[in-house]
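The values are calculated or read from the model by the stated rules, or taken from the named source; none is laboratory data. The structure displayed is predicted, hence computed values, not measured ones. Virtual Cβ from ideal backbone geometry, glycine too; neighbours counted across all protein chains shown.
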Amino acid sequence: MLQHDGAASVPCVEAGQRVLAGQVIGLADSNDDAVPVHASTSGRVTGIVQVETPHACDVPAVLIEPDGRDEWAPPADAPVEPGDLADLTERISRAGVAGVGPNAPAVADVLAAAGRHGVRHVIINAMESEPYLTAEYRILADHGRLIVRTADLLANLLGAQRLWLALDRANRYLLGELRRLVHGTSVRIAPLRNKYPQGAVPLLVRGLLGREVPYGGSPLDVGAVVLDGCAVLAIAQAVLEGRPCVDRIVTVAGGAADRPGNYRVPIGTPVHRLIEYVGLRRTVRRVVIGGPMRGLAVSSPQVVTTKRVGAVMLLSEDQVVARPRGPCIRCGWCLEDCPVGLDPPSVLAAVETFRTDGAQHEEIAGLFPHACLGCGICSYVCPAGLPLADGLARARTLVSVRS
Amino acid sequence: MRRSTDQDKRPAWLEIRPAPHLGGGDSFAQMTRSMLIVVGLAGLAGVAVFGLMAAIWLAVAVGTAVVAEWAYVQLTGGRVTATYDHAALMGLLLGLTLPVGWVDDAGFHPLGWAVPLIGALVAIVVGKGLMGGMGNYLWHPALVGRAATELLYDQQMHPERWVVLGRNHLFAAVPKPVESIEYAGWRISQLPADANAWVLRRPVEWLRQLADGLPAGDESPLTVLIRDHLPPWEDLLLGGVGGGIGETCTIALIVGGLYLVYRGYVRWYQPMSVIVAAAVAAAVLPIRIGPAASFDWLPGLQTDAGLPIGAIYVLYHLTGGELMLAALLFATDTVASPCTARGQVIFGAAIGVLAIALRLYGPMPGSCYWAILIMNTFVGLIDRRTKRRVMGT
């Protein structure tokens with residue numbers, strides 16, 4: 001029932017009741033990001049229970065015992081093209097489309113803000129956000145036509161002049177297919193070299209538009225809005241197919257996964273069911289919700305997926321090398337590899353000697369921690385095993401963005 | 001496919017750690033191990049050229065360094081973490097800069113065992129430990145140790161004449177030197193039967209004299225110098241010239257440097273900036289080659305009867321002394337060099353220019369080491385001035 005920050009949605013069904021796939025089972029509470037929750041499949045409600053999601057615990061949940069028939073409820077909205085942006089965002093919200101990433105704002109809010117602000121560029125981000133992930137590729141390969149059509153529609157509704165589709169240029173075949181599909185539309189294909197973290201929004205904006213997102217700002221400040229491919233797919237299904245958000249393409253991979261791949265996973269599936277489905281070839285040492293570079297390690301495979309979960313990594317023992325921490329040897333690799341030019345060791349030192357006084361707030365703020373993309377490359381390359389990415393994350397919580 | 005059944009017996013638990021969950025690149029221990037291999041290669045070349053005695057001095061330096069590290073950790077009550085591999089590396093690097101012995105009219109004198117011992121002790125205790133330990137030292141510890149031995153053991157550290165084993169006597173134990181017969185290069189000349197080593201001057205000592213002025217004859221002094229006094233250049237490449245244990249074998253140093261670049265521990269531009277800047281400085285900085293005591297600029301462009309003698313002069317500068325060792329293995333120390341690419345190039349270029357300037361006009365031999373120590377001092381300044389701009393600011 002909790003697919004976002006803030007208060008959970010309120011269950012509106014009772015135990016013993018039969019529900020159909022796509023039927024509303026939780027009503028949105030008052031907070032901005034809240035979206036209704038729909039049944040992922042048809043079946044009988046066996047109870048209202050408390051579950052753990054990757055980002056919260058003790059979340060109310062409607063437990064549905066599937067009847068295997070997967071019967072769908074009639075769509076609430078007719079699958080017609082929306083006339084204006086308000087209509088679109090309202091229908092997106094009603095279909096339960098939430099934010100797609102761990103900290104992402106709701107898609108409808110992003111679109112509404114873009115509409116208010118006015119944008120010149122719409123960027124569809126079909127770059128994989130992390131190594132191991134291939135869900136965006138899968139979505140484009142399976143739903144290319146739908147994505148292109150929806151992107152065109154979104155750009156029209158937002159009044160944007162340019163519509164970009166950024167994708168990994170290594171996928172030659174897909175690139176050729178899409179070039180054919182976008183013929184006659186306003187979509188411009190931007191094949192990019194997929195060097196992690198090229199899929200991060202500020203890097204994408206800089207790469208395509210040649211402009212930098214100002215510190216503490218958003219792409220809107222340079223007249224652009226960035227939407228992930230999976231978000232566009234969710235919009236497309238909600239608006240053009242009249243199908244609420246009940247599932248998501250999830251990459252299940254990692255050294256321990258026996259049959260890694262992209263799976264269409266109903267929202268609310270417990271992670272252990274995913275593990276059972278893909279099988280294990282080695283002992284799992286970490287279960288990570290999200291990609292291997294930024295994902296969240298969870299303590300229990302009992303957690304259930306939400307609308308924010310786009311990947312589950314099953315990492316084996318030999319993959320998770322825990323390097324003992326040593327002194328910084330000033331090799332400069334983190335500075336060299338930081339995609340935004342931060343100084344991670346200085347931030348870590350400042351955070352670790354932090355005392356609550358104003359001077360150090362100034363010092364940390366002067367290192368611009370909010371420019372950090374959270375890509376984790378600094379920790380990844382550090383030969384001394386310093387928790388640099390962790391230090392940057394803590395610095396971001398210590399200081400606010402100065403305008 | 002299961003790797004082992006032992007894993008299955010462990011209790012099933014899941015680790016909770018912050019992202020990233022994968023580790024890439026090499027650890028500090030792996031870096032140090034590779035450095036030890038590379039430095040050991042140069043040391044091996046030194047043992048070949050200067051005899052087994054060189055191996056003894058290297059062993060004394062390494063052993064002292066490791067024991068000193070252990071003792072320092074004990075004395076500080078375990079507040080600092082011991083990095084024995086790094087201490088061994090510092091000892092080995094120090095050993096590479098030491099001469100194997102010296103020659104006077106009475107014959108060959110081995111280096112005193114106290115020289116590598118005191119040097120390594122100072123390197124680890126003063127240069128590393130007291131400066132804050134691993135990661136915090138300002139000056140390269142091995143060079144701090146060397147500076148101490150230079151002050152304490154002036155005669156042993158700065159011999160005028162050096163011995164090099166004859167090419168049929170490599171690895172032989174104690175040099176029995178000869179100097180009176182005609183020497184036409186290490187690789188070409190044959191030693192008399194009762195000797196196994198040559199007595200030579202260090203090539204850079206000849207080059208140093210250029211700044212003091214050479215007597216001018218009919219021919220260009222550069223030509224005279226290179227033709228009549230300096231060894232053939234291939235000897236400089238192979239290492240059969242006077243110098244510190246690890247300084248002379250240019251090929252071993254270049255192979256080692258390329259390996260470090262291949263492993264990604266050293267960025268190519270860091271040693272390259274030292275070498276290129278030194279070449280430019282050698283080509284530009286004036287030497288006295290006229291009849292009077294006048295300084296002539298741009299010696300690197302001189303030609304003599306169509307022979308680019310200036311270029312050869314520059315080449316001798318690069319390979320005739322400690323410059324290659326300093327550029328490839330000392331200036332690339334991660335702690336005592338700037339972090340950013342721009343900073344490293346500035347740092348390297350300054351070392352190259354300083355090294356040649358000090359060699360030509362300075363009072364001390366081993367100018368490249370002093371140049372590095374001087375530039376180590378400015379690492380903090382360079383780092384502050386070469387910060388990258390944060391995106392969006």
Say whether the condition of being more than 10 Å from chain B (Cβ to nearest Cβ), surrounded by fewer than 18 Cβ atoms within 10 Å (Cβ to Cβ) and modelled with pLDDT of 90 or more is met by at least one residue in the range A:338-351. yes
Scan the range B:13-42 residue by residue and report those that are surrounded by fewer than 17 Cβ atoms within 10 Å (Cβ to Cβ) and either more than 7 Å from chain A (Cβ to nearest Cβ) or over 30 Å from A:Val287 (Cα atoms) (or both). B:Trp13, B:Ala29, B:Gln30, B:Arg33, B:Ile37
Only residues that are over 27 Å from A:Ala170 (Cβ atoms), of a type in the set (A, V, I, L, M, F, W, C), in a loop (DSSP other than H, G, I, E, B) and at pLDDT below 90: list them for the range A:96-129, please. A:Val97, A:Ala98, A:Ala106
Test A:Arg273 against the criterion of being out of contact with any Cys (no Cβ under 8 Å at 6 or more places or on another chain), in contact (Cβ under 8 Å) with a residue 60 or more places away in the chain and either at positive phi or of a type in the set (Lys, Arg) (or both), and give yes or no. no
On the given criteria, is A:Arg193 more than 19 Å from A:Asn103 (Cα to Cα), surrounded by fewer than 18 Cβ atoms within 10 Å (Cβ to Cβ) and within 14 Å of chain B (Cβ to nearest Cβ)? no
Flag for A:Val304 being surrounded by 18 or more Cβ atoms within 10 Å (Cβ to Cβ) and at the interface with chain B (Cβ under 7 Å from one of its Cβ atoms): no
Can you name the number of the only condition in (1) within 23 Å of the chain's Cα centre (by Cα); (2) part of a loop (DSSP other than H, G, I, E, B) that B:Leu207 fails? (2)
Any hit, the range B:43-51, residues being surrounded by fewer than 24 Cβ atoms within 10 Å (Cβ to Cβ), touching a residue at least 24 places away in the same chain (Cβ under 8 Å), within 14 Å of chain A (Cβ to nearest Cβ) and part of a helix (DSSP H, G or I): no
Of the residues in the range A:37-96 that are of a type in the set (Ser, Thr, Tyr) and assigned by TED's automatic domain parsing to the domain that holds A:Gly16, the one that is surrounded by the fewest Cβ atoms within 10 Å (Cβ to Cβ) is A:Thr46
Lone qualifier among A:Gly210, A:Gly199, A:Gly242, A:Gly176 - being closer than 30 Å to A:Ser400 by Cα and surrounded by fewer than 23 Cβ atoms within 10 Å (Cβ to Cβ): A:Gly210
Where in the range A:150-256 are the helices (runs of 4 or more DSSP H), entirely inside, with at least 1 residues that are under 21 Å from A:Ala114 (Cα atoms) and modelled with pLDDT of 90 or more? A:201-209, A:229-239
State whether the residues of the range A:352-368 include one that is touching a Phe, Trp or Tyr at 6+ places or on another chain (Cβ under 8 Å), free of Cβ contacts under 8 Å to residues at least 60 places away in the same chain and over 30 Å from A:Leu233 (Cα atoms). yes
Within the set of pairs 6+ apart or on separate chains, which have a first residue in the range A:230-244 that is under 14 Å from A:Arg264 (Cα atoms), a second that is hydroxyl-bearing (Ser, Thr, Tyr), and C-beta atoms under 9 Å apart? A:Leu233/A:Thr150
Applying the selection to the range A:114-161, what residues are among the charged types (D, E, K, R) and either more than 22 Å from A:Arg211 (Cα to Cα) or surrounded by fewer than 22 Cβ atoms within 10 Å (Cβ to Cβ) (or both)? A:Arg116, A:Arg120, A:Glu130, A:Glu136, A:Arg138, A:Asp142, A:Arg145, A:Arg149, A:Asp152
Which residue is surrounded by the most Cβ atoms within 10 Å (Cβ to Cβ), if the candidates are limited to the range B:79-101 and must be assigned to a loop (DSSP other than H, G, I, E, B) and of a type outside the set (S, T, N, Q)? B:Val100
Would you mind telling me which numbered condition in (1) within 9 Å of chain B (Cβ to nearest Cβ); (2) modelled with pLDDT of 90 or more; (3) assigned to a loop (DSSP other than H, G, I, E, B) A:Val309 fails? (1)
So, in the range B:182-203, how many residues would count as being crowded, with 22+ Cβ neighbours inside 10 Å, in contact with a helix residue (DSSP H, G or I) (Cβ under 7 Å, 6 or more places away or on another chain) and assigned to a loop (DSSP other than H, G, I, E, B)? 1
Filter the helices (runs of 4 or more DSSP H) completely within the range B:327-393 down to those with at least 1 residues that are within 26 Å of B:Ala211 (Cβ to Cβ), within 14 Å of chain A (Cβ to nearest Cβ) and not aliphatic (A, V, I, L, M). B:341-361, B:367-377
Which pairs turn up if I take residues in the range B:359-372 that are free of Cβ contacts under 8 Å to residues at least 60 places away in the same chain and look for partners that are buried (at least 23 other Cβ atoms within 10 Å of the Cβ) and β-branched (Val, Ile, Thr) with beta carbon separation below 6 Å, at least 6 apart in sequence or on another chain? B:Ala371/B:Ile351
Scope the range A:314-332; condition facing another protein chain (nearest Cβ under 7 Å) and either farther than 21 Å from A:Val284 by Cα or of a type in the set (Phe, Trp, Tyr) (or both); matching residues: A:Gly326, A:Pro327, A:Cys328, A:Ile329, A:Arg330, A:Cys331, A:Gly332
Can you run down the residue pairs with Cβ atoms below 8 Å, 6 or more apart or on separate chains, where the first is in the range B:135-159 and within 14 Å of chain A (Cβ to nearest Cβ) and the partner is acidic (Asp, Glu)? B:His140/B:Asp333
